[in-house]
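Engineer: Quick one: the structure is below, and I'll ask about it shortly.
Values in this text are rule-based calculations from the coordinates and carry no lab data. Values in this document were obtained by computation on a predicted structure and should not be read as measured data. Reconstructed Cβ throughout: ideal geometry from the backbone, glycine too, with neighbour counts over all protein chains shown.
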Amino acid sequence: MIKRYLSCLALALGLAAATVPALAEEGEGLPRAGTNVADKASLQRGAKLFFNYCVGCHSLKYVRYSRLAADLGLSEDEVMNNLNFTGAKFGEPVISHMPEESAKGWFGKAPPDLSLEARAKGVDFIYNYLNSFYLDPSRPVGWNNTVFPNASMPNPLWELQGLQVAVHGEAKPGEEAAVEKLSIAQPGRMSPEEFRGATRDLATFLEYTAEPAALERQSIGVWVILFLAGLTFLLYLLKHEYWKDVHESH
Amino acid sequence: MANVFSRIGDWVNERAPNMMPAYRKHMTEYYAPKNFNLWYYFGSLALLVLVNQIVTGIFLTMNYKTSAAEAFNSVEYIMRDVEWGWLIRYMHSTGASLFFVVVFLHMFRGIMYGSFKKPRELVWILGMLIFLVLMAEAFMGYVLPWGNMSFWGAKVIISLFGTIPVIGGTLVEWIMGDFLPADATLNRFFALHVIALPLVLLLLVVLHIFALHEVGSNNPDGVDVKHGPKGNRWAADKPKDAIPFHPYYTVKDLFGVGFFITIAAFIIFFAPTFGGWFLEHDNFTPANNLVTPSHIKPSWYFTPFYAILRMIPSFFGTAIWGVIGMFGAILLLALLPWIDKGEVRSVRFRGLGFRIALAVLVISFLALGLVGAGVTAEVIPEWFPGVDVTTWENAFGRLMVLGYFGFFVFVWIYTRFGFEKTKPVPERVTMHD
């Protein structure tokens, strides 16, 4: 009988494990970002990029500098000197200084808070979005994006990536030509390979800000499952012992 | 020490002589058939999840803010700043989904082994009331985080009442307390979710168990152990094929609990959103009445009923038929003891027609779940490029609606007019392990 229960458990866990990635629907069809939120170095590089290129416009209102320091393995001084450019106190959240009213005037709408972006849109979306900007003079700020067409944000990382342009396919009669691929017209400070790594780091950092508990939950989870599996085995033995009476009294 | 306990026991007994016998009646001297199989774990597991929801819910209310302006922030506060808040919240959100998993399996067990048949109709009716209250409880709980799917889900579901002729529009405003789901809606849903419905739920669960213990449990063979031979090793006047609930089924259910929480822990610690099925992507964006999510869909456990609503077209100038169909789907389940007139309880000895109909019911229910969750709308263009998605989805969905309602019509005709050819039912229960 224990074999039957073990095979049930294996089946249930297998099903759960198999369905989860299959069901991760958002960012469907996009190349995988391949982030690993437990990778401290990647998180630190991502944080550096975020505070150099993103925080000018985007807040992380649910993330405190102090929590960042603790989770990313940084000291208070490191965070306050290298990441905190807003003059906020150590225990305060990351709030951009861009006035909302001006932002609306410049971009049409205020840049969204990014604390939960990775949970709302998915890391694959963030990673691919950041890689898919191209110059488009027809747009108000001169940029467009293949993953999120007509996005109002210009490419914040153009210095790193370089200037990307769209290669259009042949236009069907009466339609505009679709973008076939993107190519770098003027190289930036990073090679395409390095840039993909940098955007992966940034996506990893936003995956962390969306759920800081993820770091803790996965590391505790292993022990919880092992404990519960052991407990379940003991409970099986207990049941087996008691039920000897029942089997004898057939 | 034992002396102290027995003296306390005596003291209580003198003052409330019926309390100890009640414990015996429901635990040590409740005799249950000895041949329960895997399907019989889900009742006690549902009780476990109910306790989990109440306990984690109490801790969530300590930090949750009931206000449209603060609710979303307070949930993130729980997820980030409250000690172990993320664990409590995931236990509650995963528990909600697993509640429906175990309740669906529990209900299927009842249909499969004829547990709803005489003399257990009252148990079944009380169970269906629990299911109804549970759905209301889950719906209102889903609104509380005040994410964008909370808002739009609430708007769509409350609008269903708007299809009722004459009073519909006023009723919708009365339910919401506003013209849109708003602060007033959130506050009243909180009151209902946190105290009103849980009280009703607890009362119904107690009645469900009491009603069961009056008539005794059914079993996979559907054989009435009370009518079999008497005398077992615990009592001379009790059924030979029954065993005391405590300790035998308490230790067995404890093992089931261990097994179940191992799976629950796997979800809580490694896949708390379950790929967007237990916690949806769109609900990580605050409620916004100006931005509609690309697909408004209810939580997965409502999708079969939601699909029935969507698949039934409106005619005679009103959309109420879908709403009637959706509630009718639940009402028909509740009426099953009077629809299914077959004498034999367990599927093991029932006619082939019933077995096929039961399979059709399960397949249609699951397929309707996929339709309601928008999976078919995604899969059809992938599998059959170039076809008209709405036409195909409607054709498939309506076929499944027919399958679902067809089960009840078929089973009534099949059993009412004596078409069922059953197998002989054994005298005694059988044990397979």
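Engineer: Assuming R0 = 56 Å, can you tell me the calculated FRET efficiency for the pair A:Arg189 and B:Val347, based on Cβ-Cβ distance, to the nearest 0.05?
Structural biologist: Values: r = 70 Å, r/R0 = 1.24.
For A:Arg189 and B:Val347, the calculated efficiency is 0.20.
Engineer: Also, I was wondering about something else. Using modelled amide H (1.01 Å from N, peptide plane; none on Pro or chain starts), what sits under 5 Å from the amide H of B:Ile243, excluding residues fewer than 5 places away?
Structural biologist: Counting only residues 5 or more places away or on other chains, the set is B:Ala32, B:Lys34.
Engineer: Between B:Val379 and A:Ala41, what is the spin-label point distance in nm, taking each point 7 Å from the Cα along the Cα→C-beta axis?
Structural biologist: 4.3
Engineer: Under the definition of Cα pairs under 8 Å and six or more residues apart, what whole-number percent is the relative contact order of segment A:92-241? Write out the running numbers ahead of the final one.
Structural biologist: Working: 155 pairs, mean separation 31.2, N = 150.
Relative contact order here is 21 percent.
Engineer: In whole Hz, what ³J(HN,Hα) sequence does segment A:236-248 give by Karplus (6.51, -1.76, 1.60; θ = phi - 60°), x for Gly and Pro?
Structural biologist: 5, 4, 4, 4, 4, 5, 4, 6, 4, 3, 5, 5, 5
Engineer: In peptide A:232-238, what is the residue-averaged number of other protein chain Cβ atoms found within 10 Å of each Cβ? Please report the intermediate quantities before stating the final value.
Structural biologist: Details: counts 9, 2, 3, 9, 6, 1, 6.
Across A:232-238, the average partner-chain Cβ count within 10 Å equals 5.
Engineer: Could you pull out the pairs from A:Lys40/A:Lys104; A:Lys109/A:Lys181; A:Lys40/B:Lys155; A:Lys239/B:Lys25 whose alpha carbons sit more than 32 Å apart here? Display every interim value, and only then the final one.
Structural biologist: Details: A:Lys40/A:Lys104 35 Å; A:Lys109/A:Lys181 29 Å; A:Lys40/B:Lys155 42 Å; A:Lys239/B:Lys25 22 Å.
Checking Cα-Cα distances, A:Lys40/A:Lys104; A:Lys40/B:Lys155 exceed 32 Å.
Engineer: Continuing with this model, one more query. Show me B:366-378, A:78-90 ranked by packing, highest mean number of other Cβ atoms within 10 Å first. Walk me through the numbers on the way to the answer.
Structural biologist: Details: B:366-378: 19.4, A:78-90: 14.8.
In descending order of packing, they fall as B:366-378, A:78-90.
Engineer: From other protein chains only, count the Cβ atoms within 10 Å of every residue's Cβ in A:209-219, then give the mean. Working shown, then result.
Structural biologist: Numbers: counts 1, 3, 6, 4, 9, 4, 0, 4, 7, 2, 1.
Counting Cβ atoms of other protein chains within 10 Å of each residue's Cβ and averaging gives 4.
Engineer: Hey, got the average number of other protein chain Cβ atoms within 10 angstrom for residues in B:238-249? Each step should come with its number before you reach the end.
Structural biologist: Details: counts 0, 0, 2, 2, 0, 5, 2, 0, 0, 5, 5, 3.
Averaged over the peptide's residues, the number is 2.
Engineer: Related question: Please arrange B:Tyr249, A:Tyr129 by counting, for each residue, the other beta carbons lying within 10 Å of its beta carbon, fewest first. Please list the in-between numbers first.
Structural biologist: Numbers: B:Tyr249 24, A:Tyr129 21.
Fewest-to-most ranking of B:Tyr249, A:Tyr129: A:Tyr129, B:Tyr249.
Engineer: Subtracting the Cα-Cα distance from 0.36 nm times the residue separation, let me have the gained length for B:Leu202 to B:Ala395 in nm, one decimal.
Structural biologist: Working: separation 193, 0.36 × 193 = 69.48 nm, distance 4.11 nm.
Roughly 65.4 nm would be gained on extension.
Engineer: Measure off 7 Å from each Cα along the Cα-to-Cβ vector at B:Leu132 and B:Val215, then give the distance between these two points in nanometres to one decimal.
Structural biologist: The modelled label-to-label distance comes out at 1.8 nm.
Engineer: Taking the Cα-to-Cβ direction at B:Glu29 and at B:Ala184 and moving 7 Å from each Cα, how far apart do the two end points lie in nm?
Structural biologist: With each label point 7 Å from Cα toward Cβ, the separation is 5.6 nm.
Engineer: Would you mind calculating the gained length between B:Asp10 and B:Ala22 on full extension (0.36 nm times residue separation, minus the Cα-Cα distance), in nm to one decimal? Walk me through the numbers before you get to the answer.
Structural biologist: Working: separation 12, 0.36 × 12 = 4.32 nm, distance 1.53 nm.
Contour length minus the Cα-Cα distance gives 2.8 nm.
Engineer: Efficiency by 1/(1 + (r/R0)^6): what FRET value for A:Ser102 and A:Leu234, r their Cβ-Cβ distance, R0 = 45 Å, to the nearest 0.05? Before the final figure, lay out each step's value.
Structural biologist: Numbers: r = 64 Å, r/R0 = 1.42.
Step by step, r from the Cβ atoms, then E = 0.10.
Engineer: Separate question: GluC sites (Glu not before Pro) within segment A:170-250: which are DSSP loop residues with at most 13 other Cβ atoms inside 10 Å? Don't skip to the end; give the middle numbers.
Structural biologist: Working: sites: A:Glu170, A:Glu175, A:Glu176, A:Glu180, A:Glu193, A:Glu194, A:Glu207, A:Glu216, A:Glu241, A:Glu248; in loops: A:Glu170, A:Glu175, A:Glu176.
Hits after loop and neighbour filter: A:Glu170, A:Glu175, A:Glu176.
Engineer: OK, next. Grab the DSSP H runs of chain A that are 4 residues or longer, score each as -39,500 (n - 2.57), total them, divide by all residues and round the 222 nm result to the nearest 500 deg cm²/dmol. Could you put the intermediate results ahead of the total?
Structural biologist: Working: 10 runs with 127 residues, N = 250.
Computed ellipticity for chain A at 222 nm equals -16000 deg cm²/dmol.
Engineer: If you stretched the chain out fully between B:Thr422 and B:Val51, how much longer would it get, using 0.36 nm times the residue separation minus the C-alpha to C-alpha distance?
Structural biologist: Details: separation 371, 0.36 × 371 = 133.56 nm, distance 4.05 nm.
Roughly 129.5 nm would be gained on extension.
Engineer: Once you list every other residue whose beta carbon is under 14 Å from the beta carbon of B:Leu352, what net charge do they have if Lys and Arg are +1 and Asp and Glu are -1?
Structural biologist: Values: positive: B:Arg348, B:Arg350, B:Arg355, B:Lys421, B:Lys423; negative: B:Glu420.
For residues surrounding B:Leu352, the net value is +4.
Engineer: So what's the back-of-envelope 222 nm ellipticity for chain B, counting only DSSP H runs of four-plus at -39500 (n - 2.57) apiece and dividing by all residues, rounded to 500?
Structural biologist: Values: 17 runs with 256 residues, N = 433.
Computed mean residue ellipticity for chain B: -19500 deg cm²/dmol.
Engineer: GNM, chain B, Cα, under 10 Å: largest mean-square fluctuation among B:Ile296, B:Ile356, B:Ile54?
Structural biologist: It is B:Ile356.
Engineer: Can you tell me the FRET efficiency between B:Met431 and B:His246 if r is taken as the Cβ-Cβ distance and R0 is 25 Å, rounded to the nearest 0.05?
Structural biologist: Values: r = 20 Å, r/R0 = 0.79.
That pair, B:Met431 with B:His246, gives E of 0.80.
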